[in-house]
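Right, one structure below, let's go through it.
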Amino acid sequence: MDQPRYSAAWLSRWREEITDAVGAMVTTFEETHGYPPGRNEIRVADDDDRRAARETLGFEELRTFYASIGEVVLSDVGNGYFIHSARDVLDQLAEDGDVAIPDADDPLGVVIGSDGGGRVYVADWGGAIHRSRTAAVDEGQFDRVAEDLPEFLDLVRRSVTRFVETGETGYL
């Protein structure tokens, strides 16, 4: 994305680009796939989301994200991509504690998202994003998919665009 540094404006542009791509996909989805599309949206943060964002024990990029974006639900892009709400992230952290990521520079993190295939995306406390190899996060098998949240969000954007154009999701 040709945008200024990661900020609320960057996130707004990111959201617009994905929303436009998904809008194009949804118009022909049923004709192409034989069933109606599910929920595909990037919800703007509301006051409750922003309150939860202030409670998030993450790094600044994560707080910035949750102050602007409430939730990402892309049910029909590949197996689906989901970035959970700040409240859901906090609730899971309170219930399950930190996720151990043995090979990460910062070996602890929090689940921020998932795909429809059972894998989860974990932000380590240093800011890198990791994807589980299986649905079981307690096995400690992760691959680093992005050095930071903006890189991860750009991968999501590119995966959505690629899926709309070719039917393939790419790396994520």
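Of all residues in segment 24-42 being open to solvent by 40 Å² or more (accessible area, probe 1.4 Å) and in contact with a Ser or Thr (Cβ under 7 Å, 6 or more places away or on another chain), which is farthest from Asp91 (Cα to Cα)?
Gly38
Looking only at residues that are farther than 16 Å from Tyr6 by Cα and touching a residue at least 24 places away in the same chain (Cβ under 8 Å) in segment 139-149, which one is most open to solvent (accessible area, probe 1.4 Å)?
So the first thing to find is which residues in segment 139-149 are farther than 16 Å from Tyr6 by Cα, and the list is 139-145.
From what is left, the residues that are touching a residue at least 24 places away in the same chain (Cβ under 8 Å) are 140, 142, 144-145.
Details: Gly140: 20, Phe142: 20, Arg144: 76, Val145: 10 Å².
Residue satisfying both the conditions and the ranking: Arg144.
Table: residues versus (1) surrounded by fewer than 17 Cβ atoms within 10 Å (Cβ to Cβ); (2) more than 13 Å from the chain's Cα centre (by Cα); (3) modelled with pLDDT of 95 or more; (4) assigned to a strand (DSSP E or B).
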residue: Gly117; (1), (2), (3), (4): yes, yes, no, no
residue: Gly126; (1), (2), (3), (4): yes, yes, no, no
residue: Ala135; (1), (2), (3), (4): yes, yes, no, no
residue: Glu151; (1), (2), (3), (4): yes, no, yes, no
residue: Glu168; (1), (2), (3), (4): yes, yes, no, no
residue: Leu172; (1), (2), (3), (4): no, no, no, no
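For segment 43-70, which positions are within 18 Å of Thr19 (Cβ to Cβ), open to solvent by 40 Å² or more (accessible area, probe 1.4 Å) and of a type outside the set (A, V, I, L, M)?
Of everything in segment 43-70, those that are within 18 Å of Thr19 (Cβ to Cβ), open to solvent by 40 Å² or more (accessible area, probe 1.4 Å) and of a type outside the set (A, V, I, L, M) turn out to be Arg43, Asp46.
How about segment 92-115: which of its residues are farther than 25 Å from Glu55 by Cβ and under 18 Å from the mean Cα position of the chain (by Cα)?
Asp115
Take segment 114-170 and flag every residue that is over 18 Å from Val73 (Cα atoms) and among the aromatic types (Phe, Trp, Tyr).
Those that are over 18 Å from Val73 (Cα atoms) and among the aromatic types (Phe, Trp, Tyr): Trp125, Phe142.
Could you grab the pairs with beta carbons closer than 7 Å, sequence gap of 6+ or different chains, first residue in segment 150-172 and free of Cβ contacts under 8 Å to residues at least 12 places away in the same chain, second one of a type in the set (Ser, Thr, Tyr) and open to solvent by 20 Å² or more (accessible area, probe 1.4 Å)?
What qualifies is Arg162/Thr169.
Would you check if Ala94 is in contact (Cβ under 8 Å) with a residue 40 or more places away in the chain and more than 21 Å from Ser159 (Cα to Cα)?
Answer is no for this residue.
Asp103 - would you say it is at pLDDT below 95, loosely packed, with under 13 Cβ neighbours inside 10 Å and part of a loop (DSSP other than H, G, I, E, B)?
When the stated conditions are applied, Asp103 passes them.
The values are calculated or read from the model by the stated rules, or taken from the named source; none is laboratory data. Remember, it's a predicted structure, so these values are computed and weren't measured experimentally. All Cβ positions, glycine included, derive from the backbone under ideal geometry; neighbour counts span all protein chains shown. SASA here: full protein model, heavy atoms, side chains in, ligands and nucleic acids out. Shrake-Rupley method; radii C 1.70, N 1.55, O 1.52, S 1.80 Å.
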